[in-house]
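These notes are about the structure you will find just below.
The values are calculated or read from the model by the stated rules, or taken from the named source; none is laboratory data. Every value quoted in this text rests on a predicted model; they were computed, and no experiment measured them. We place every Cβ from the backbone using ideal geometry, glycine too, and count neighbours over all the protein chains shown. Ligands, DNA and RNA are stripped out before the accessible areas are found, and what is left, the full protein with its side chains, is counted by its heavy atoms. Shrake-Rupley method; radii C 1.70, N 1.55, O 1.52, S 1.80 Å.
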Amino acid sequence: MSEKETRESGGSPEASGVTVSDIQELIRRKEEIEAQIKANYDVLESQKGIGMNEPLVDCEGYPRADVDLYQVRTARHNIVCLQNDHKAVMKQVEEALHQLHARDKEKQARDLAEARKEAMSHGLGQSQDLSPAQAFAIVNSISPGSPASIAGLQVADEIVEFGSVNTQNFQSLQNIGTVVQHSEGKPLNVTVIRRGEKYQLRLVPTRWAGKGLLGCNIIPLQR
């Protein structure tokens with residue numbers, strides 16, 4: 001028996017190896033069994049409408065002469081076996097779907113954790129520049145799960161540089177908006193002051209579940 005046949009006849013796919021193709025194959029097998037069950041019920045129906053429980057002897061206890069007893073008994077036996085197969089394959093489908101969904105969920109969580117780790121390792125290294133930095137804007141809100149949050153940006157971070165925008169050329173928030181719109185999907189170097197320390201972040205403007213490409217609110221810094 002092949003590995004494919006072994007998987008179909010019993011035992012669920014392993015959690016580490018289950019694929020969409022596995023599930024499609026199980027569903028194909030389920031539909032095939034259902035078709036076979038229907039075909040055997042059609043055989044019973046052709047024999048005077050006999051079902052699974054009607055007696056095969058007459059009132060005197062003799063085998064009925066008006067039906068093909070062999071066909072009826074064979075069809076009934078096949079239906080019982082096929083129904084057991086159907087129950088088993090349905091269990092396999094349920095387990096495979098559960099495993100596939102669980103694996104996808106784990107992968108999403110792992111990818112998010114890796115993205116956060118990379119952002120922290122590349123972006124949150126303290127700058128050794130001890131000269132005083134002049135900030136021009138401040139972050140006053142961050143949406144969880146947003147590109148800004150993933151990059152490590154925090155509320156109350158004072159922005160010193162945002163891509164090409166800095167204290168010398170900053171005029172209004174439109175300057176930042178323009179940089180963001182032209183940098184979708186591209187990393188931006190952002191320098192912030194946090195509790196007196198300077199940090200370098202890498203922020204990638206990206207479309208996400210929330211509004212905008214950043215998921216944060218920035219306001220001009222009033223001094």
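Report the convex hull volume per residue for the stretch 137-220, counting only C-alpha atoms, in Å³. Numbers along the way, then the final one.
Numbers: hull volume 6.7 nm³, N = 84.
Taking only Cα atoms, the stretch 137-220 has a hull volume of 80 Å³ per residue.
Ignoring ligands and nucleic acids, what accessible area does D66 show with a 1.4 Å probe (Å², nearest 10)?
80 Å²
With a 1.4 Å probe and all protein chains kept in place, how much accessible area does Y62 have, in Å² rounded to the nearest 10?
Roughly 140 Å² of Y62 is accessible to a 1.4 Å probe.
How large is the charge dipole for the stretch 20-125, taken about the Cα centre, if only the Cβ atoms of Lys, Arg (+1) and Asp, Glu (-1) carry charge, to the nearest 20 debye?
Dipole size: approximately 480 debye.
For the chain, give the percent of accessible area contributed by carbon and sulfur heavy atoms, probe 1.4 Å, rounded to a whole number.
Values: 7260 of 14120 Å².
Here carbon and sulfur together make up 51 percent of the probe-accessible area.
In terms of solvent-accessible area of protein heavy atoms at a 1.4 angstrom probe, what is the ranking of K30, K186, highest value first?
Numbers: K30 40, K186 115 Å².
In descending accessible area the options line up as K186, K30.
If Rh is defined by the Kirkwood formula over all Cα pairs and Rg also comes from Cα, what ratio Rg/Rh do you get for the stretch 20-125?
Values: Rg = 26.1 Å, Rh = 18.0 Å.
Using only Cα positions, Rg/Rh for the stretch 20-125 is 1.45.
Over the stretch 63-111, what number does the Rg to Rh ratio reach, with both radii from the alpha-carbon atoms and Rh per Kirkwood? List each step's numbers first, then the result.
Values: Rg = 21.2 Å, Rh = 14.1 Å.
That ratio is 1.50, to two decimals.
How many Å² of accessible area per residue for the chain, probe 1.4 Å? Could you put the intermediate results ahead of the total?
Details: 14120 Å² over 223 residues.
Result: 63 Å² per residue.
Per the Kirkwood treatment, what hydrodynamic radius in Å, one decimal, follows for the chain from the mean inverse distance over all distinct Cα pairs?
On the way: mean 1/r = 0.0427 Å⁻¹.
When all Cα pairs of the chain are included, the Kirkwood radius is 23.4 Å.
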